[in-house]
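Next up is a structure, given as structure tokens.
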Amino acid sequence: MLKILGAIIIVLIVLAVFATAAKNKGRSNNTKKDYDYKSKTPLTKNEQAMYWKLIDTLPGYVVLAQVELSRCISAKGAAFNTINGKSLDFVICNKALEVVAAIEIDDKSHATPAAQKRDATKNNAMEIAGIKLIRWPATPLPSIEQIQENFPAVDAPVAEKPPIESTQDKKIKILEQQLFNMARKLEKADT
């Protein structure tokens, strides 16, 4: 019995050392003042105006802004490379957070040949994935009626949110499971 207890204590000490090392892994000695970080708004003034218009016009939907294309479309290999690093101005989801459609606000920067090629790639990927992509000009922004034409009114119930487990809770569960497994192995070895 003392052997098992001693082994468990040693295992706990080793696991604590590993947990501390993992926590500190990848930390840099650089501090914030070593870099020139500056806060900025994630949306342009025009995108902000559109965001609030969508929020007001689509109360039954969830409106997300500046979403990576790869968060809406699954792709592997070369196909992933075509969507990697591209984003959608707005993604409209139902209350279960399933993508209903995406919206791109095209300003004058979309007129260049390079931008048109990027837009064509995005259009193609969205079409293949079966997700509606709506493109509206930046000026003037679409009217409330234009937005409502594309999104029928919904009265969906709010999806139940799964409980959120903290990282610390997950680590504790893993450690408990590992200790339990080690104790079982030690018991089997003693018998």
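The values are calculated or read from the model by the stated rules, or taken from the named source; none is laboratory data. Predicted, not measured: the structure shown is a model, and the values here were computed from it. No Cβ is skipped: glycine too gets one built from the backbone with ideal geometry, and neighbour counts run over all protein chains shown.
Of everything in the range 32-51 that's more than 21 Å from the chain's Cα centre (by Cα) and outside any loop (DSSP other than H, G, I, E, B), which residue is surrounded by the most Cβ atoms within 10 Å (Cβ to Cβ)?
Residue satisfying both the conditions and the ranking: 50.
Still on this model: With 120, 129, 96, 153 as the choices, which residue is small (Gly, Ala, Ser) and closer than 14 Å to residue 58 by Cβ?
Among 120, 129, 96, 153, only 153 is small (Gly, Ala, Ser) and closer than 14 Å to residue 58 by Cβ.
I've got another one for you. Let me confirm something: among 57, 31, 44, which residue is modelled with pLDDT under 70 and either within 30 Å of residue 140 (Cβ to Cβ) or among the hydroxyl-bearing types (Ser, Thr, Tyr) (or both)?
The match here is 31.
Separate question: Please determine, by comparing only the residues of the range 161-191 that are under 25 Å from the mean Cα position of the chain (by Cα) and of a type in the set (Asp, Glu), which one is modelled with the highest pLDDT.
The selected residue is 169.
Pick from the range 96-122 the residues that are free of Cβ contacts under 8 Å to residues at least 12 places away in the same chain and not hydrophobic (A, V, I, L, M, F, W, C): which of them is surrounded by the fewest Cβ atoms within 10 Å (Cβ to Cβ)?
113
Sticking with this structure for a sec: Taking the range 63-101 as the region of interest, how many residues are assigned to a loop (DSSP other than H, G, I, E, B) and within 14 Å of residue 134 (Cβ to Cβ)?
Residues in the range 63-101 being assigned to a loop (DSSP other than H, G, I, E, B) and within 14 Å of residue 134 (Cβ to Cβ): 1 in total.
Please work out if residue 101 is among the aliphatic types (A, V, I, L, M) and out of contact with any Lys or Arg (no Cβ under 7 Å at 6 or more places or on another chain).
no
Using the structure shown, decide if residue 20 is modelled with pLDDT of 75 or more, on the phi < 0 side of the Ramachandran plot and of a type outside the set (Gly, Ala, Ser).
So residue 20 fails the test.
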